[in-house]
Amino acid sequence: MRTFSQLGGFLSNKEGREVPTQGRSRVARAKSESQPLIEPPQLGRHLPVRVVSTLDDHVEYSSVTIARADLTGQTAHEVRFEEAHIRRSVLNRTRLHGVQVLDARFQATDLSGAEWERARFRRVEFIGCRLSGIMLLEADLEDVKFIDCNLEGAQFASTKFRRARFDRCISRGVSFDHADLTGVVFAGSDLTSSDFREAVLQRADLRGSNLSRVQVRPKELRGAIIDRAQAVQVAILLGVIVAEEDERPSE
């Protein structure tokens with residue numbers, strides 16, 4: 001794979017940088033298991049800005065800032081973004097097959113309608129991005145945050161999430177069918193009419209989010225964490241009639 005690095009031009013591929021975990025103490029492991037911590041992207045302080053006007057097959061964009069790029073509708077295979085800050089750019093309707101994103105931050109960027117099949121994300125943040133209608137099918141997302149994003153109508157079918165959270169996101173009508181959402185946190189997000197059928201929601205924390213008209217069944221909700229107000233929403237979804245005791249008809 002060719003590499004687009006801060007040195008300019010194309011260099012040989014770098015080895016991936018994975019953080020070893022064997023050396024962690026038992027206390028740290030126990031804490032992370034009870035409340036998984038999401039690792040932030042490992043980004044340099046001063047990543048040079050590079051002009052990117054096309055996405056090419058088998059190219060790595062590494063140790064760069066990509067700003068105000070318009071890549072609308074482009075198609076590429078096996079693209080890799082590593083240690084990249086992508087801001088105020090347009091990648092809507094892009095089609096990237098097998099894309100890999102490692103240590104990256106997308107900020108105020110438009111990815112609406114993008115189709116990224118079998119993508120792999122590791123330590124990635126989306127901040128204030130438009131991702132409405134994005135299709136991340138059969139993707140693998142690890143240590144990923146979505147913050148103040150619009151994900152309306154997004155599709156995450158059969159996607160595996162490991163240590164991920166959605167903070168204050170518009171997530172109406174999102175498809176999570178057959179997704180593994182184990183331990184995912186949805187904080188202050190609008191999940192109205194989203195589809196959780198056949199999803200795994202073990203230890204998924206839904207507290208503080210709007211669950212109106214979500215498509216979900218008791219088997220998917222098993223092990224999920226909800227608050228008291230959501231318990232009423234869920235009861236209504238499951239066809240349970242919720243009434244106050246003083247509303248009982250007198251004999």
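Listing for the model above:
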quantity: Residue identified as part of a strand (DSSP E or B) and farther than 23 Å from Leu96 by Cα among Arg163, Arg172; calculated: Arg163
quantity: Selection count where residues are out of contact with any Gly (no Cβ under 9 Å at 6 or more places or on another chain), assigned to a strand (DSSP E or B) and touching a residue at least 24 places away in the same chain (Cβ under 8 Å), scope segment 36-79; calculated: 5
quantity: Segment 188-226, residues that are among the charged types (D, E, K, R) and exposed (fewer than 14 other Cβ atoms within 10 Å of the Cβ); calculated: Arg217, Lys219, Arg222
quantity: Unmet requirement for Arg120, which otherwise passes all of (1) of a type in the set (D, E, K, R); (2) over 23 Å from Gln42 (Cα atoms); (3) at pLDDT 95 or above; calculated: (2)
quantity: Filter result for Arg163 (within 30 Å of Arg123 (Cβ to Cβ) and touching a residue at least 24 places away in the same chain (Cβ under 8 Å)); calculated: yes
quantity: Total residues in segment 121-158, condition within 20 Å of Thr72 (Cβ to Cβ) and outside any strand (DSSP E or B); calculated: 12
quantity: Cβ pairs under 6 Å, 6+ apart, first in segment 136-154 and modelled with pLDDT under 95, second part of a loop (DSSP other than H, G, I, E, B); calculated: Leu137/Ala157; Glu138/Arg118; Glu138/Ser158
quantity: Filter pass, Ser193 being more than 18 Å from Gln155 (Cα to Cα), hydroxyl-bearing (Ser, Thr, Tyr) and part of a loop (DSSP other than H, G, I, E, B); calculated: no
quantity: Test for Asp103: is it more than 20 Å from Val52 (Cα to Cα) and either of a type in the set (Asp, Glu) or in a strand (DSSP E or B) (or both); calculated: no
quantity: Any hit, segment 45-62, residues being touching a Cys at 6+ places or on another chain (Cβ under 6 Å), within 26 Å of Cys149 (Cα to Cα) and modelled with pLDDT of 95 or more; calculated: no
quantity: Conditions (1) surrounded by 20 or more Cβ atoms within 10 Å (Cβ to Cβ); (2) acidic (Asp, Glu); (3) within 15 Å of the chain's Cα centre (by Cα); number of the one not met by Glu117; calculated: (1)
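The values are calculated or read from the model by the stated rules, or taken from the named source; none is laboratory data. Values in this document were obtained by computation on a predicted structure and should not be read as measured data. In this analysis, Cβ positions are derived from the backbone assuming ideal geometry, glycine residues included, and neighbour counts consider all displayed protein chains.
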